[in-house]
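The numbers here are math on the coordinates, done by the rules we state, and not lab data. Quick caveat, the model's predicted, so the values are computed rather than measured. Heads up, the Cβs are rebuilt from the backbone with ideal geometry, glycines too, and the neighbour counts pull from every protein chain shown.
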Amino acid sequence: MNEVDGSEHYERHADEPSPSLLTIILDTNPHAWSLLSSTLPLSKAIATILVFINAHLAFNYANKVAVVASHCQRAQWLYPSPLKPSNLNSKNNRAGNESEDVQMENGIPEPSAIRGRIMGRVNPGSTSIGSPAGQHQHNTADNANKYQPFRLVEDEVMANLRALIDSTTESDLRGTSTTMMAGALTLALAYINRETLAYEESGGGVSGGKGASISEGPDAAEGKPGMQSRILVLSVSGDLAFQYIPIMNCIFAAQRKKIPIDICKIAGDTVFLQQASDATRGVYMHLEDPRGLLQYLMLAFLPDQTSRRHLTMPSQVNVDFRAACFCHKLVVDIGFVCSICLSIFCTPPEGAICLTCGTHLQLGDYGAKPAIAPRARRRRRKGLAGGTGLESVGSTPTPMGTPGSE
C-alpha cells in the first residue's frame, strides 16, 4: 500500500534526529532596557534573537520554538499567540457568531484564515486590519522571498511585542522595577510539558530519556528518541529576591524533568539564575560586551543537548548559593532555618515561632552575653633601691647601679 499512496514519507524512523523545543524567555523590563539604550537597544536585541531563532529552526525541520516575555507586571506569550477567550468558547460551543466564522472559498477553508485562527493572528482580509498586529501582517504578506516558518515567527513576535509595549501604562512602570521571571518560567515549563505529552502520544518516542539531558537517562539504552526541551533566559534585570520561592519551585521542576535552563545575562546580576543554571546543568554566561549578543548566542546557546556531549561548553567557576529570607526577602549569608519546613529567616521571628509552619524554634543560647575571660593580674614588688614599682610577671628586670659608686 505504501508503494501506491507513498505514505511511508510520513512515517517516523528510529534513526531520525529527535526534534528540539527551544523556549526563550525574554526579559522586557523597560527600566533595564532604558539603561542599555546606548549599548544594546531593544530593537537590535530583537533582531538578533530572530536570527538566532531562524538558525535553530534551520537545523531540523521538526524543531520548535516558543517565546515568552517577562514583563514588569506580567508574563505574556510572544510566540505562539494564545487563543483568545472568544475562540476558545467557539471551539467548545459549536454555535458561534458570524464574526467567528472562517472564510470559505468554494467550500474549502482559506489556508491563511485557518493559520490565523490556530495561531491567534489577525486575518489580513478581515476588518481588523487597523490593529497593530493586522497592519504588520498586511505589510509582510506579500514577501515571498522569506522562508515561511521564519516569517510566521517574526510576524508573531513583532506584533505581540508591539502590543505588549503599547499596553504598558505609567502606573505599571511606577509599580515595580523588576520583572516577572517566575511567571515566565512557569509558562515555559507548562508549555514544554504539553508539547512533550503531545509528541509522545503521536508515537514520537519517550521524552526525558536519551535526548532529554546531557547525562544518559534510563531510556537511553532502549534507543527511543524523545523531544529535547530546554529553556533559554535572556535577562537584563537585577535582584529577584521577592520571587525566591516560585523561582526555586521552577528550578526543582525543571531538574526533575531534566530540562536545562540556560542563562544569558546581558546586564545586572542575580543569585537565583546562577543556581538555576547550575542545578539543571545548563549554560550560564555573563556578557562582557552586550554588542556581541549574536556571537554569544550562536556559539554558546545554539547547540542542543545531543551536540553538547561532543563539545566543551562554558561552565561556571564560582556559583553563589545564597538564599533569600522568608521574612524580609533579603539575600543573606547566615540565617536561621526551621528544621520542619526549611524556612529561612534573617533574624529570629517574634516569639521564636516559625512564620510558615508555626513550629517553635529552639534558639539555644542565642542573644545571651558572651563569657568574658578575666584579665591576668599584675604582681606588685619592691624595688632594690628602696622604691616601689609595678612590674608584670615575666618582664625584663630593670638595670640598677653598682653599690658604693656614689
One quarter of the convex hull surface, Cα atoms only: what value does that give for region 274-317 in nm²?
3.4 nm²
Gain on full stretching of the segment that runs from ILE372 to THR356 - 0.36 nm per residue minus C-alpha separation
2.1 nm
Label model pair ARG380, GLU170: point-to-point distance (7 angstrom along the Cα→beta-carbon line) in nm is 8.0 nm
Using the Karplus curve 6.51 cos²θ - 1.76 cosθ + 1.60 with θ = phi - 60°, work out ³J(HN,Hα) for each residue of region 60-76 in order, rounded to whole Hz, and write x for Gly and Pro.
8, 5, 8, 5, 10, 9, 9, 10, 10, 9, 9, 9, 6, 10, 7, 10, 9
For region 183-193, just list the computed ³J(HN,Hα) in residue order, Karplus coefficients 6.51, -1.76 and 1.60, θ = phi - 60°, integers in Hz, with x standing in for Gly and Pro.
x, 5, 5, 5, 4, 5, 5, 5, 5, 4, 5
Strictly over 23 Å apart at the Cα level, which of LYS64/LYS257; LYS44/LYS257; LYS257/LYS329; LYS146/LYS265; LYS64/LYS146 would you flag in this model?
LYS44/LYS257; LYS257/LYS329; LYS146/LYS265
Rounded, prolate or oblate, given the Cα gyration tensor of region 229-296, with a/c below 1.5 counting as rounded?
oblate
How would region 148-205 be classified by its alpha-carbon gyration tensor: rounded, prolate or oblate, with rounded meaning a/c under 1.5 and the a/b versus b/c comparison settling the rest?
oblate
Rounded, prolate or oblate: which fits region 240-378 when a ≥ b ≥ c are the square roots of the eigenvalues of the alpha-carbon gyration tensor, with rounded for a/c under 1.5 and prolate only if a/b beats b/c?
prolate
How much net charge surrounds SER235 when only other residues with a Cβ under 14 Å from its Cβ are counted (Lys, Arg +1; Asp, Glu -1)?
-3
How long is the gain from SER38 to LEU197 if the chain were fully straight, where each residue apart is worth 0.36 nm and the alpha carbon distance is subtracted?
52.9 nm
